[in-house]
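Down below is the structure, laid out as structure tokens.
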Amino acid sequence: TRLTRADLDGLPAYVPGRNLADLTRELGIAEAVKLASNEVPYGPLPGVAEAVSEAVLSSHRYPDMGAVELREALAARLGVSADRIVTGCGSVALAEILVKATALPGDEIVYAWRSFEAYPIISAGVGATSVRVPNTPGHAHDLDAMAEAITDRTRLVFVCNPNNPTGSAIRKAELDRFLAAVPSDVLVVLDEAYRELVTDPDVPDGVQTYADRPNVVVLRTMSKAWGLAGLRMGYLVAQPGEATAIRKVLTPFSTSIVAQAAALAALKQEDEVRRRCALVVAERERVTEALRKLAIDVPSSQANFVWLPLGDRSAAFGQACESRGVIVRPFQTDGVRVTIGTPEENDLFLAAAEAALEG
Ligand code: PMP
């Protein structure tokens, strides 16, 4: 007898980057390098480990379900009221909850492709139909085509800015025009997981620029710039009424005691976050230039990774890097995404890339 839904069989699994310890062991080298999951490489922020140790002492108790103190700290930082913020077990869980809160089986979810690989999985999870709009030849969202793809069945559009995995970002004029074209009963989710790495002043901050629009929700994470990937803390900014509805479908207690304490400690380290992001950005530009010198047509990135549009060569390139101790993320026949690490890690990657292209 089958217990799970038959339609889940065709669903692609979320493939995490290869395990670092496994590869290190397999190659018998001192240390392999993982540049596959878009983490910032500088360890937990000062004060986070201490806050976690202290929070663990209360771990026999449930967390504050409303994450009140944390939401107030986020609200103060973002300049919005705390009743507009919802926290969750990573922003991916909140993306899932937004789909759950808006779509029923047969409804449509529109997003660019390639984009974040969780969108198809999340959409299929509620039986919604994915409408994938191909990126432009320059690897950016085709927002005009995305607006055209909206039908009466569309409930939600994901706009990933900057886009994972291509790194491209949408500028304000273009996003303004898109939002004006979207019907008011379609929710636009601005997924800004990499917002802290954006340096182009024309790329708008969704919270500052669009969060007052009734059909916009901005999704953020503390996994990347804030260094909390392993503790799982994401948040969203919505209208108060929408936030209340979204909380109803949230898994209860999904922001743990430890995640709340760590996020509160991390938020006190904004200067250090800025410093780290600046290091990553400088390296992003250096790696981009170096790859272009190797004749790879790398699009400009506004995130902490770069996209190598290698087409059919992607899997072989990924394998070749791995055999040299560097884990990257190939995406089938499209390209390879490489996270920006420390300067030393990036040098190892660039050496591996050069060898891979020769071999
Ligand atoms: N959105 C985008 C665009 C991402 O790249 C990621 C992480 N890869 C997420 C959301 C989810 O991050 P998290 O669940 O760790 O907050």
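Numbers below:
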{"item": "Residue count for segment 216-230, restricted to those that are buried (at least 19 other Cβ atoms within 10 Å of the Cβ), over 12 Å from LEU94 (Cα atoms) and of a type outside the set (Ser, Thr, Tyr)", "result": "7"}
{"item": "Qualifying positions in segment 231-243 - more than 9 Å from the ligand (Cβ to nearest atom) and open to solvent by 70 Å² or more (accessible area, probe 1.4 Å)", "result": "GLU242"}
{"item": "In segment 154-181, the residues that are in a loop (DSSP other than H, G, I, E, B), open to solvent by less than 10 Å² (accessible area, probe 1.4 Å) and more than 12 Å from the ligand (Cβ to nearest atom)", "result": "ILE170"}
{"item": "Segment 208-229 residues that are among the hydroxyl-bearing types (Ser, Thr, Tyr), paired with ones that are within 8 Å of the ligand (Cβ to nearest atom) and open to solvent by 30 Å² or more (accessible area, probe 1.4 Å) (beta carbon under 8 Å, 6 or more apart)", "result": "SER223/ALA229; SER223/ARG232"}
{"item": "Residue list for segment 149-173, filter: closer than 22 Å to PRO299 by Cβ and touching a helix residue (DSSP H, G or I) at 6+ places or on another chain (Cβ under 6 Å)", "result": "PHE158"}
{"item": "Residue ranges of helices (runs of 4 or more DSSP H) in segment 256-325 with at least 2 members over 18 Å from ASN346 (Cα atoms), open to solvent by less than 30 Å² (accessible area, probe 1.4 Å) and of a type in the set (A, V, I, L, M, F, W, C)", "result": "257-267"}
{"item": "Total residues in segment 91-124, condition open to solvent by less than 10 Å² (accessible area, probe 1.4 Å), among the small types (Gly, Ala, Ser) and not in a helix (DSSP H, G or I)", "result": "3"}
{"item": "Subset tally (residues that are of a type in the set (S, T, N, Q) and more than 16 Å from GLU54 (Cα to Cα)) for segment 254-296", "result": "4"}
{"item": "Filtered residue count, segment 125-145, keeping only those that are away from the ligand (no atom under 16 Å from the Cβ) and assigned to a helix (DSSP H, G or I)", "result": "3"}
{"item": "Residue match in segment 331-349 (condition: of a type in the set (Gly, Ala, Ser) and either under 26 Å from ILE29 (Cα atoms) or part of a helix (DSSP H, G or I) (or both))", "result": "yes"}
{"item": "Pairs, first farther than 14 Å from GLU96 by Cβ in segment 240-252, second open to solvent by 70 Å² or more (accessible area, probe 1.4 Å), C-beta under 6 Å, six or more apart", "result": "PRO240/ASP83"}
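Conditions (1) open to solvent by 10 Å² or more (accessible area, probe 1.4 Å); (2) under 16 Å from the mean Cα position of the chain (by Cα), marked per residue:
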{"position": "THR151", "(1), (2)": "yes, no"}
{"position": "PRO183", "(1), (2)": "yes, no"}
{"position": "LEU190", "(1), (2)": "no, yes"}
{"position": "LEU197", "(1), (2)": "no, yes"}
{"position": "GLY206", "(1), (2)": "no, yes"}
{"position": "TYR210", "(1), (2)": "no, no"}
{"position": "ARG213", "(1), (2)": "yes, no"}
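The values are calculated or read from the model by the stated rules, or taken from the named source; none is laboratory data. Keep in mind it's a predicted model, so treat the numbers as computed, not measured. Positions of Cβ are backbone-derived with ideal geometry, glycine not excepted, and every protein chain shown enters the neighbour counts. Heads up: the accessible areas ignore ligands, DNA and RNA and are worked out on the full protein's heavy atoms, side chains in. Shrake-Rupley method; radii C 1.70, N 1.55, O 1.52, S 1.80 Å.
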